[in-house]
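This report refers to the structure that appears directly beneath it.
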2 protein chains.
Amino acid sequence: MTEHRATAPSAGASTATRGRRADAERNRAAIITAATAVFAERGGEVDVREIARRSGVGMGTLYRHFPSKEDLLRLSLEQEFTAWLTEAHERAAATQDPWQALSGFFEQVLTTQAHNRALMDSYVQTGGPTEACVQKCRAFIDALRERCEQAGLLRRGVSTEDLLSLSASLCQVVQTPGGQHRWRRLMTVSLDGLSSRHPEPLPS
Amino acid sequence: MTEHRATAPSAGASTATRGRRADAERNRAAIITAATAVFAERGGEVDVREIARRSGVGMGTLYRHFPSKEDLLRLSLEQEFTAWLTEAHERAAATQDPWQALSGFFEQVLTTQAHNRALMDSYVQTGGPTEACVQKCRAFIDALRERCEQAGLLRRGVSTEDLLSLSASLCQVVQTPGGQHRWRRLMTVSLDGLSSRHPEPLPS
DNA sequence: GGGCAAGCGGAGCAACCGCTCCGCTTGAAC
DNA sequence: GTTCAAGCGGAGCGGTTGCTCCGCTTGCCC
């Protein structure tokens with residue numbers, strides 16, 4: 001309840017940079033930057049004090065800008081996830097072969113998530129940090145699936161949800177001991193199991 | 001340091017039921033039973049007070065019998081894991097077809113783990129609750145792998161560790177929303193990707 | 001430069017959790 | 001029945017974590 005009271009009485013304060021003092025703006029940015037780094041390194045369960053320390057502000061300042069730790073985490077992850085999904089779109093658009101586009105996506109999931117604990121946790125558990133993010137991701141995967149299916153490369157009966165779940169489960173492998181040297185092998189296994197080389201459709 | 005001082009001065013007090021009062025013995029059993037149930041339901045991070053409540057004893061009694069929550073968890077999981085692995089051995093011995101033995105094991109992993117949070121967590125993270133358990137499990141999986149390989153059913157280059165990691169990663173699927181209706185499909189995908197139907201060996 | 005609202009920092013509150021301490025109770029040996 | 005060590009329960013300690021409160025500082029407008 002300390003947030004958006006802005007200078008102008010109108011609108012929903014979309015960019016929300018209005019009417020904030022210069023130092024406040026700097027602090028806000030520093031907090032998001034630090035939070036993003038800390039969450040990536042240690043996951044979403046870090047002590048808020050660590051984020052305050054790393055961004056060089058006090059607890060009061062942190063909570064003036066963000067109503068709760070949960071909100072800060074969500075905002076940070078939304079940002080990262082959106083950028084990540086944009087990159088995925090670009091890569092897919094630049095790839096001719098539908099199957100290569102799909103397997104390229106799996107690879108991007110796994111390489112990115114390997115370096116971002118909090119992002120990975122949210123991907124593994126629900127598919128993304130927010131419902132909106134998950135929807136966008138699902139839509140993207142669905143397009144990849146469609147392309148592969150039309151080209152007759154995908155096994156019959158494979159759903160979008162299957163692809164999401166499978167990529168998420170492989171994320172898990174990455175962070176087990178020795179996982180860094182193993183995820184690519186298991187990704188190959190999974191993708192091969194998804195290919196139309198298997199004439200039997202998946203059981204419903 | 002309150003533990004084994006037994007009546008007899010000899011031996012390592014293997015079953016450790018010696019020289020304990022009847023009520024103490026009852027309480028000890030009640031605690032393990034309750035702990036096993038609670039850990040299965042809610043995972044290894046439950047409040048110790050919950051276990052004390054469910055077993056009908058006070059905190060003092062709980063800590064008289066078990067030096068730490070970690071020890072109680074380990075003991076409970078060791079017990080469950082051992083029983084589970086014994087069942088796996090029996091099933092495998094009773095199954096003629098090597099490939100069916102392997103896929104039967106995957107199925108057992110996933111059905112069991114679906115109802116046991118703490119056990120699943122330990123399986124996902126390291127392969128079992130203790131190093132000894134993991135070794136036994138690895139040895140068992142290695143025997144399954146060997147059987148499949150000798151029968152020419154397994155894709156070349158698949159290691160024991162791969163099978164352990166893959167089954168663990170599928171555990172993750174089980175506890176995501178909708179996972180109960182999806183893990184069997186993804187298990188099929190994974191197993192098919194592991195079959196010798198794929199002539200290309202796994203990349204090293 | 002002066003005035004003051006916006007902003008700041010961090011001590012501290014409340015809730016939680018693993019574990020301990022100690023006065024009371026009780027099983028069992030005689 | 002008496003005795004007493006073994007056993008019991010739960011209040012409470014110490015540490016952690018999310019969040020708040022409030023006295024002090026500072027950017028901005030004149």
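The values are calculated or read from the model by the stated rules, or taken from the named source; none is laboratory data. Everything numeric here is computed off the predicted structure, so don't read it as measured data. When we count neighbours, we look across all protein chains shown, and the Cβ atoms used for this are built from the backbone with ideal geometry, even at glycine. All accessible areas refer to the heavy atoms of the entire protein, side chains included, with ligands and DNA or RNA removed. Shrake-Rupley method; radii C 1.70, N 1.55, O 1.52, S 1.80 Å.
Things worth noting here:
- Verdict on residue B:38 being more than 12 Å from DNA strand D (Cβ to nearest atom) and either surrounded by fewer than 17 Cβ atoms within 10 Å (Cβ to Cβ) or outside the structural domain of residue B:106 (by TED's automatic domain parsing) (or both): yes
- Residues satisfying the stated conditions in segment A:68-79, i.e. crowded, with 19+ Cβ neighbours inside 10 Å and away from DNA strand C (no atom under 16 Å from the Cβ): A:73, A:76, A:77
- Scan of segment B:15-38 for residues that are assigned to a helix (DSSP H, G or I), farther than 27 Å from residue B:115 by Cβ and more than 13 Å from DNA strand C (Cβ to nearest atom), ordered by number: none
- Within segment B:50-67, being within 9 Å of DNA strand C (Cβ to nearest atom), without any contact (Cβ under 8 Å) to a residue 60 or more places away in the chain and not in a helix (DSSP H, G or I) holds for B:58, B:66.
- Scan of segment B:84-121 for residues that are out of contact with any helix residue (DSSP H, G or I) (no Cβ under 8 Å at 6 or more places or on another chain) and farther than 23 Å from residue B:145 by Cβ, ordered by number: B:121
- Residue within segment A:71-88 that is of a type outside the set (Val, Ile, Thr), under 29 Å from residue B:192 (Cα atoms) and assigned to a helix (DSSP H, G or I) present: yes
- Within segment A:124-136, being hydrophobic (A, V, I, L, M, F, W, C) and more than 9 Å from the chain's Cα centre (by Cα) holds for A:124, A:132.
- Here residue A:60 does not qualify as modelled with pLDDT of 95 or more, closer than 28 Å to residue A:27 by Cα and open to solvent by less than 10 Å² (accessible area, probe 1.4 Å).
- Residue within segment B:39-49 that is modelled with pLDDT under 95 and within 11 Å of DNA strand C (Cβ to nearest atom) present: no
- Test: residue B:86 is away from DNA strand D (no atom under 16 Å from the Cβ), within 11 Å of the chain's Cα centre (by Cα), within 14 Å of chain A (Cβ to nearest Cβ) and open to solvent by 30 Å² or more (accessible area, probe 1.4 Å): no
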